[in-house]
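Throughout, read-outs are computed from the coordinates displayed, never taken from laboratory work. The structure presented is a predicted model; accordingly, all values stated were derived computationally and were not measured. Using ideal geometry, Cβ is built from the backbone for each residue, glycine included, and neighbour counts are taken over all protein chains shown.
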């Protein structure tokens, strides 16, 4: 499995609070294990596990949360906001995942 690396630009980084629930949902859409997210984001696996185990807003340094978010966005996750925050796959990512089945 090819793991896209996050870029250092701020494209797609919004003010939506990143929660453990959103991170787990994004990983599920990508069919990623925690170790894939760790590798793509440069955040240690124990840190990913700890952050995902705590309900609500990620209790992490801003740099760590940003790295996780950028890695998920680079892989094709779109964070949606509004009254009901959530995640979805971009159409390109969805096509790639469909082809991998």
Could you sort 91-97, 66-72 so that the peptide with the highest average Cβ count within 10 Å comes first and the rest follow in order?
-> 66-72, 91-97
Rh by Kirkwood over Cα pairs, then Stokes-Einstein D for the stretch 20-100 at 1.306 mPa s and 10 °C, µm²/s = 124
Ranked by how many other beta carbons lie within 10 Å on average, peptides 25-36, 48-59 from highest | 25-36, 48-59
